Amino acid sequence: SGIMQPLANGLEAPEMRRLAEYYARLAPLPPAPQAADAVSFERGRQLATGGDAANGIPACDASHAPNALADYPRLAGQSAPYMAGQLALWRAGHHASTGAGAIMAPIAQRLSDSDIAAVTAYFAGERAEPAGAAAR
């Protein structure tokens, strides 16, 4: 993240580990309100859990569910505006040179504005699991 890079750049591995452990111990925030209408909520749930094969969009949960690889961030309980902003950046080609960007940019380009609103509202309304709660 361009915002975090200047702050994280000077940290040594033990400092990063202590910060990660601190944030992992924090209690999850309560879920945000879900998408306002049933159609939008259902579209968000579908994209999250099953994707949209016709449009080449894999299920978000394939990479971002609690039991997915630890390399990918968990989306449940994240801020909808933050996630929408990140998807917009990937769709515009920003971050495309990073490993995650190479994966996410083509997916984000296939999402419509309404898909982004639906899936980010869906995840914002999901309860985040505390770190270490999911079986690996």
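Please treat every number below as a calculation from the coordinates, not as lab data. Just so you know, these numbers come straight off a predicted model, no measurement behind them. FYI the Cβ positions are ideal-geometry reconstructions off the backbone, even for glycines, and counts take in every protein chain you see.
If amide hydrogens are placed 1.01 Å from N in the peptide plane, which non-local residues have theirs closer than 5 Å to the one on I57?
So I57 has HN proximity to D52.
Mind giving me the FRET efficiency for A24 and A54? R0 is 35 Å, r the Cβ-Cβ distance, nearest 0.05 is fine.
Efficiency computed from Cβ-Cβ geometry: 0.40.
Stretch S112-D37 to full length: gain in nm at 0.36 nm per residue minus the Cα-Cα span?
Working it through step by step, the gained length comes to 25.3 nm.
May I ask you to order 107-115, 43-51 by the average number of other C-beta atoms within 10 Å around their residues, highest value first?
43-51, 107-115
Can you pull the one-decimal nm distance between simple spin-label points at Q5 and A100, each 7 Å off the Cα toward Cβ?
1.4 nm
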